[in-house]
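First comes the structure, then the notes that go with it.
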Amino acid sequence: MTAAESVAALTPGVDAPTWPAEFAERYRAAGYWRGETFGGVLRERAAAHPDRIALVDPAPERRTWTYRELDERADRLAAGFAARGIGRGDRVVLQLPNVGEFVEVVFALFRIGALPVYALPAHRETEIDYFCSFTGAVAYVIPDRHAGFDHRELAARVKERNPTLRHVFVVGDAGEHTALAEVPREPGGTPAGPEPHELAFLQLSGGTTGVPKLIPRTHDDYMYSLWGSNEICGVDGDTRFLVVLPAAHNFPMSSPGWLGVLYAGGTNVLCPAPDPETAFPLVERERITMTGLVPPLALVWTEAGPKSGHDLSSLELVLVGGAKYSEAAARRLEPALGCRLMQVFGMAEGLVNYTRLDDDPVTVVTTQGLPISPDDEIRVVDDAGQDVADGGFGHLLTRGPYTIRGYWRADDHNKRSFTEDGFYRTGDIVRRTATGHLVVEGRAKDQINRGGEKIAPEEIENIILSHPSVHDVSVVAVADEYLGERSLAYVVLRADAEPLKPVAVKRFVRERGVASYKVPDLVQFVDAFPQTGVGKVSKKGLRSSAAAPEQQGPRPAAVTPEQH
Ligand code: AMP
Ligand code: DBH
């Protein structure tokens, strides 16, 4: 890839549709797009309050970064990356757990205008290979080992297959690769950074298709989602935020997330694991004021809070989102943790809704909130695309100052996921209350929401279909008391195939190298699927006939719009 091609990749409109000029002008005029870049914001905060603590990485020994240190380290690492030939518009797949280096690397890349591609720690060879090849990534950043998995071996295999991938940087023991700590860190010499309207990074979508979609976010638009969130959540320089969920997820990054907290000059504490045994001592010791959880975790925290013996009294606000939070569970959180609850319904594509601190308690436990911006356009439409009256169920479409107009290099898919006039088809079925609050009632998209982790059934179906004994497969959601939903694979074996055990199907998926949350929770062998008129597998039929045997779990989730 030439330098000119790389820089083109930064430019909105080149690899993905962007906001038409009249919208961009309107968003600037309204003050939403402030003309800031992430690299510039960190520089300003470091000048304004150099000695405040920006980051705490508590394990294995407590390390802290002041704003000045983070700024300087990002600068030096940027110079080091540049010296190794990483430049503007280059893609860098970043797969780190919640460690200080995550933030350092991200800001170093922001400084040189290279684009982080945010992989999750759980991703494995299939996903990483795809991110590297699809984006033409020049570098891949990993931990040496994490959660019992050696990322260096995977990286070596991925590098072999991807000629664009020139560098593997390792946090820790580098093995055959390059230690991040050894990247030259002479001060200065960073090339000109990106413009505010240019791309900042590629975020991942949970997706509905065989391969994940990449979400191009600009400095201008993402920054608005941060400071807009900060205003709603009351984030300021005194906020002490615990990053409990994987830092690469859009929710803990931006709603208001660790980036929002850095924008406001507060302190982030990086939590190495989300369980109460790890998190509660940190809440106590670091005087945490705010955090964000997915519903299953919120349940665990709610159970554990009152009996933990830890002093959680510093906690002021817990945000819960990523999947539907039941009213019953939501009611229990505030008394159990002694703090306020805010529900958040967001998406990496853009739109984020929050209940408000001055909402009445019933609204907080029964709705998923209001959009950040007065210029978030919300439509709730029926199957024919006609607006439904407030209170009625419909498909949520949205357009606004921080919602993308198209995925990255996905022209065909974009035609389906966006309307001609640029509304994103969220795939969510919602109801809008008289106050404008949205209630998530279901889903029209073919996706499984496993406690906030999104699974595209098609991706897993394709893997199972490649098993020599499998004739056909359909992966669907079933209700789960703890996770909300989990995954069930209906498998039709070939007539001449030896019988298979469910565990063999699960092992097959795991061995193909995908994130473990995508491995089907349940496998059921069937003779045939219900057919639709056109002879295609009917997922609706499957869900309603889902005779999951007792040992395999409860009846299927009422998640499809057809069931309302
Ligand atoms: P993604 O597009 O992968 O970022 O995932 C965003 C999706 O997660 C949304 O479109 C919803 O389907 C789901 N989601 C996020 N927050 C909530 C919530 N609070 N309640 C219900 N669903 C949610
Ligand atoms: O699920 C999500 O993707 C999500 C949830 C809450 C999100 O992206 C967000 C807030 O910003």
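Since only LEU180, THR209, GLY40 are under comparison, the one whose Cα sits farthest along the positive direction of the charge dipole of segment 3-432, derived from C-beta charges on Lys, Arg, Asp and Glu, is LEU180. Excluding ligands, DNA and RNA, the accessible surface per residue across the chain is 38 Å² with a 1.4 Å probe.
The aspartates and glutamates within cross-link reach of LYS324, meaning a Cα-to-Cα straight distance under 15 Å and a gap of 8 or more places when in the same chain, are ASP428, GLU441, GLU453, ASP480, GLU481, GLU485.
In the chain, what percent of the accessible surface is made up of carbon and sulfur (1.4 Å probe, ligands and nucleic acids excluded)? Of the solvent-accessible surface of the chain, carbon and sulfur hold 51 percent. About the centre of its Cα atoms, the chain shows a dipole size close to 600 debye [charges on the beta carbon of Lys, Arg (+1) and Asp, Glu (-1) only; nearest 20 debye]. In this Cβ point-charge picture (+1 for Lys and Arg, -1 for Asp and Glu), segment 57-194 has a dipole of about 320 debye about its Cα centre. Remark: accessible surface ordering of GLU127, GLU195 (largest first) is GLU195, GLU127, probe radius 1.4 Å.
Under 20 Å from a label point set 7 Å out along the Cα-to-Cβ vector of ALA434, the amide N atoms of segment 367-386 belong to 367-371, 380. Within the same chain, aspartates and glutamates fewer than 8 places from LYS307 are excluded, and of the rest, those with a Cα less than 19 Å from its Cα are ASP275, GLU277, GLU284, GLU316, GLU334. Ordered by solvent-accessible area of protein heavy atoms (1.4 Å probe), largest first, the residues GLU458, GLU176 come out as GLU176, GLU458. Shown here are the Rg and Dmax of the Cα trace of segment 118-218, at 15.0, 44 Å.
For the cross-link pairs LYS445/LYS518; LYS159/LYS506; LYS213/LYS445; LYS159/LYS213; LYS213/LYS501, the ones whose C-alpha atoms lie over 25 Å apart are LYS159/LYS506; LYS213/LYS501. When you restrict to C-alpha pairs under 8 Å that are six or more residues apart and normalise by the size of the chain, the relative contact order lands at 12 percent.
Direction-averaged projected area, Cα convex hull, the chain: 25.6 nm², rounded to one decimal. For PHE280, the accessible surface of its heavy atoms amounts to roughly 0 Å² (probe 1.4 Å, protein chains only, rounded to the nearest 10). Using a probe of 1.4 Å on the protein chains alone, the accessible area found for TRP227 is around 30 Å². Normalising the average separation of contacting C-alpha pairs (under 8 angstrom, six or more residues apart) by the number of residues puts the relative contact order of segment 330-464 at 18 percent.
Entry note, the chain: the mean residue ellipticity at 222 nm calculated from DSSP H runs of n ≥ 4, each adding -39500 (n - 2.57), is -9000 deg cm²/dmol after division by the residues and rounding to the nearest 500.
Using a probe of 1.4 Å on the protein chains alone, the accessible area found for TYR140 is around 0 Å². Surface listing: ARG512, ARG63, ARG152 arranged by accessible area from highest to lowest gives ARG512, ARG63, ARG152, probe 1.4 Å.
Maximal additional length on extending the ASN462-ARG145 stretch stands at 111.2 nm, based on 0.36 nm per residue less the C-alpha distance. When both bridge partners sit in segment 3-432, DSSP labels roughly 50% of those beta bridges antiparallel. Each principal axis of the Cα cloud of segment 1-154 was taken in turn, and the coordinate range along them, longest first, works out to 50, 41, 28 Å.
The values are calculated or read from the model by the stated rules, or taken from the named source; none is laboratory data. Note that the structure is a prediction, hence the values are computed from the model and not measured. FYI the Cβ positions are ideal-geometry reconstructions off the backbone, even for glycines, and counts take in every protein chain you see. Surface accessibility is based on the protein's heavy atoms, side chains included, excluding ligands, DNA and RNA. Shrake-Rupley method; radii C 1.70, N 1.55, O 1.52, S 1.80 Å.
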